[in-house]
1. Output the 0 to 90 degree angle, nearest 10, between the alpha-carbon long axis of helix 32-42 and the longest principal axis computed from the alpha carbons of the chain.
2. For region 130-141, take each phi angle, set θ = phi - 60°, evaluate the Karplus expression 6.51 cos²θ - 1.76 cosθ + 1.60, and give the result in whole Hz per residue in order, putting x for glycine and proline.
3. For the chain, what is the mean residue ellipticity at 222 nm derived from helices alone (per DSSP H run of n ≥ 4: -39500 (n - 2.57); sum divided by total residues; nearest 500 deg cm²/dmol)?
4. Work out from phi, with θ = phi - 60° and the Karplus expression 6.51 cos²θ - 1.76 cosθ + 1.60, the ³J(HN,Hα) of each residue of region 61-76, listed in order in whole Hz, and give x for Gly and Pro.
5. Each label point is 7 Å from the Cα along the Cα-to-Cβ direction; what then is the distance between the points at V156 and A57, in nm?
6. Just report the Cα centroid separation between region 3-50 and region 110-167, whole Å.
7. So if I restrict to the alpha-carbon atoms in region 12-166, what is the Rg, and what is Dmax, the biggest pairwise distance, in Å?
8. Go through region 1-64 and name the GluC sites (Glu not before Pro) that are in a DSSP coil and have 16 or fewer other Cβ atoms within 10 Å of their Cβ.
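Where a number appears in this text, it was derived from the coordinates with a stated rule and is not lab data. These figures come from a predicted structure and were not determined experimentally. Cβ atoms come from the backbone with ideal geometry, glycine included; neighbour counts cover every protein chain shown.
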Amino acid sequence: MRVVSTTSLIPAETAARVGELLAPPVTVTVTAEGSQRYAQAVGDLNPIYFDETAAHAAGYRTMVVPPTYVAYALVQGRPLGDIGIDGLFVGDKPIRLEVARIMFGGEEWDFVAPVHAGDVITGEARLAAIDQKDGSKGPFVRITREITYRTAAGEVVARTRQIGIAR
């Protein structure tokens with residue numbers, strides 16, 4: 001039996017935040033050492049990450065980094081006191097909902113251009129969408145957070161959409 005909700009779990013002030021930055025932009029210089037350690041940790045040993053000659057031979061201006069490394073490179077350390085009851089870090093501008101917990105619901109990536117060792121990359125996280133659905137166990141909220149990664153020249157190199165499920 002499907003439960004249909006008649007009350008909103010999304011306060012009006014939260015719905016009005018769609019499109020808003022969720023935290024200040026974060027900028028880092030991507031290093032070959034950091035990206036190579038990441039590539040080794042995830043088991044991606046493509047020579048274009050480790051050898052400049054191989055990168056040039058493949059048509060790149062210098063060594064490139066594994067595509068998802070940009071997300072890892074921009075992670076800012078947080079104190080353990082910032083972890084919420086659901087095990088997720090509370091953001092700088094928390095999204096208020098009438099729910100008990102938020103769970104990870106998936107992630108999609110668009111890789112637009114390669115990121116090279118030495119590039120300066122900025123990531124901006126926005127609340128892209130928020131909506132309420134009725135599921136087999138009752139109402140839930142789907143939150144879409146979009147992070148856009150750009151070079152210092154403003155070129156988009158990647159974009160990720162992260163889905164959160166709140167009930």
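1. 60 degrees
2. For region 130-141, the Karplus curve yields 8, 8, 9, 10, 10, x, 5, 10, x, x, 8, 10 Hz.
3. Numbers: 4 runs with 26 residues, N = 167.
It comes out at -3500 deg cm²/dmol, rounded to the nearest 500.
4. Working through the residues one at a time gives 6, 7, 4, 9, 10, x, x, 7, 4, 4, 5, 5, 4, 8, 5, 9 Hz.
5. 3.4 nm
6. Each part's Cα centre sits 6 Å from the other's.
7. In order Rg, Dmax, the Cα atoms of region 12-166 give 17.9, 56 Å.
8. Details: sites: E13, E20, E33, E52; in loops: E20.
When the GluC sites (Glu not before Pro) of region 1-64 are filtered for loop state and at most 16 Cβ neighbours within 10 Å, E20 remain.
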